[in-house]
Amino acid sequence: MKKILFSLFFLIGFLPALPGAEPLRERVYISTDKDVYVAGDAVWLSAWCLDASSGRLSAFSKTAYVEVHSPTGMVQTAKIALDGGRGAGRLTLPNSLPTGNYRLFAYTLQGASEVGFDPLTGARTLSVFNTLSSERTERVKVVAQAPQAPSFPVKGALEIEGRQAARNDTVRIALTNRGAEPVSFSLSVRHDDGIPAPAGAHVADFVSALQALPAARAFDAGVIPEYEGEIIRARVTGTDERGRQSMPGKNAFLSAPGSGENFYSEMIDDNGQVAFFTSNIYGDRELFLEIEQSESGHLELVSPFLNLPAGEIAPLQLWSGWGPALEQRSLSMQLEKNFNADTLYTLLPARTHPLFDERTRTRYVLDDYTRFPLMEELFIEFIAEIRARTVDGRRALQVRERDKLNRYSFSANNALILLDGIPVLDHERIFGYDPLLVQYIDIYESSFIFGSRIYSGVANLVTYKGTLPSMQFADNVRIVDFQGCSLPLAFTCSDFGSGYPDYRQTLYWHPALTLGPGESMVITCKTPAYGGRFDVVAEGLTPDGAAVCSQATLDVR
């Protein structure tokens, strides 16, 4: 009964937000690789989630929501998985964004549940230029001379060594923590082409804003903190009033193609809604939604983004002298897309919770055995852990169970049968499936509890393509596009090859570096095919919540 402990763990984690306890006042700060972009650019993100009362990182919430707003509304979103209050990710600005200033901010549901919550604490302004369109937001002001760039705040004792380097070369940049506390920081090496960053928050401004927050007033008791990961919500649609009345208490299923780690089951409530408590699903992907024993109703996802007010955004001051610099930025963006420069990332460790323990898994690689044209023959001939039985006039698959004394038995309860991680409730569809499409079968000989259902064993049939080829599902199954948490990425260009026309604006980005007191590190950075000044910028925090901001210059000739 491995999953029976989930509710207990969830309640333990929920205790800090129970009545009588001191609720966490979470606030999220986002650092980015640049402050000025062109439409279509990738924006690399690093997140800090802090307890505003103590100024320290908050390990409570596991998901942060990022919103990008124009003066007229929300234009882009992202989700960042948090681990110990830190997270990383990436979003892509739409190609259609008009030229103008945009507001970027982030929050957790726990933080946003505070009455009077101000999402602009730590928000930053991004300047976006659309070099392929003349469209502008209503808050663009053409000026006769270049506006002055805001000063960069220098805080803390993180020292960065300035360097000179040749084009198309590899340069080593040294960083040293001269302070008495460890520092967790993001690091960016980006081109300074003379287009000034908009006035906006740095991490030092964020820390100051936290210290100036008024006392907490109250919290919305109806908000469930996302202690384990994103709570994905869905609602019943596509049925009449009589059908809706029959939905409460029915099991709903949410799953994503894969090895079976993203399978969730919960009961529909009296309002025709269901909440799936996940441990974060990564990446933009398809989700399968299904209501058990439903002939008419189906599920649709509810957006988790709150679309919070972004306040008044300062106008963008546009100067005609930036034309050559913007042409180079546009060329860089288009080359990066055409040559897939965003694949030059390094995948950082991600917090995961495997649903099934591989130590208890039995795997049958079907190419190692005689291939049979019928699925039933496959179970009869060499898979002893699965048998077929007729239950209530229908064939069903049962998985052999193994107890702690290594005794084996078959239960009358149905097993959970997955195809590429997607549940197949009608086992007749498995009997009719082509076994030649299946690469291997993973079997778990234990009982599992999902929502209100107990399954005596699990079997996951994984196809060669991993995309459920040729499987026909019932009409109540809905396949929907889903925006998952962004994978934690560092844009280090460590696998940079030859033959690439290198006009990158961001040469290096790492969202989560750490230096202890007195420690040093050296990062390796590939210089581009053009010369100029590049800023090496670090933003971070100490464990006590003290801001660290440092900047140096890389001169490429």
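Some points to look at:
- Bridge orientation summary for the chain: considering DSSP beta bridges with both residues in this region, about 90 percent are antiparallel.
- Only the Cβ atoms of Lys and Arg (+1) and of Asp and Glu (-1) were treated as charged; on that basis the dipole of region 365-483 about its Cα centre amounts to roughly 360 debye.
- Structural descriptor for the chain: relative contact order 23 percent, calculated from alpha carbon pairs under 8 angstrom and at least 6 residues apart.
- Annotation for region 398-493: trypsin sites (Lys or Arg not before Pro) lying in DSSP loop with at most 10 further Cβ atoms inside 10 Å of their Cβ are Lys404, Arg407.
- Size of electric dipole in region 413-542: Cβ of Lys, Arg +1 and of Asp, Glu -1, about Cα centre, debye, nearest 20: 240
- Ligands, DNA and RNA left out, the accessible area of the chain computed with a 1.4 Å probe is 49% carbon and sulfur.
- Rounded to 5, percent antiparallel among DSSP beta bridges of region 80-239: 90
- Farthest towards the positive end of the charge dipole of the chain, among the residues Gln145, Leu468, Phe305, is the Cα of Gln145, using unit charges on the Cβ of Lys, Arg, Asp and Glu.
- Of the trypsin sites (Lys or Arg not before Pro) found in region 204-277, those in coil by DSSP whose Cβ has at most 12 other Cβ atoms within 10 Å are Arg217.
- Selection of chymotrypsin sites (Phe, Trp or Tyr not before Pro), region 330-424, meeting DSSP coil and at most 15 other Cβ within 10 Å: Phe339, Tyr369, Phe382
- For region 190-289, with +1 on Lys and Arg beta carbons and -1 on Asp and Glu, the positive-most of Ala201, Phe219, Thr239 along the dipole: Thr239
- Rounded to the nearest 0.05, the FRET efficiency derived from the C-beta distance between Asp555 and Thr77 at R0 = 56 Å is 0.90.
- Per residue value of the accessible surface for region 227-359 (all protein chains in place, 1.4 Å probe), Å²: 50
- Accessible area expressed per residue, region 97-187, with surrounding protein chains retained (probe 1.4 Å, Å²): 47
- Extending 7 Å from the Cα toward the beta-carbon at both Met267 and Ser411 defines two label points whose distance is 1.8 nm.
- Using a Förster distance of 45 Å, the FRET efficiency for Glu135-Ile479 (Cβ separation, nearest 0.05): 0.85
- His353 versus Tyr440: modelled label distance in nm, points set 7 Å from Cα along the beta carbon direction: 2.6
- Between Glu292 and Ser96, residue separation times 0.36 nm minus the direct Cα-Cα distance comes to 66.4 nm.
- From the largest down, region 101-169 spans 53, 42, 25 angstrom on the principal axes of its Cα atoms.
- Ranking Leu437, Ser279, Leu210 by how far each Cα lies toward the positive end of the dipole of the chain (charges on Cβ) leaves Leu210 at the top.
- For the chain, the Cβ-based charge dipole about the Cα centre amounts to some 600 debye (Lys, Arg positive; Asp, Glu negative; other atoms uncharged).
The values are calculated or read from the model by the stated rules, or taken from the named source; none is laboratory data. All values derive from a computational prediction rather than experimental measurement. For neighbour counting, all protein chains shown are included, and Cβ atoms are generated from backbone atoms with ideal geometry for every residue, glycine included. Heads up: the accessible areas ignore ligands, DNA and RNA and are worked out on the full protein's heavy atoms, side chains in. Shrake-Rupley method; radii C 1.70, N 1.55, O 1.52, S 1.80 Å.
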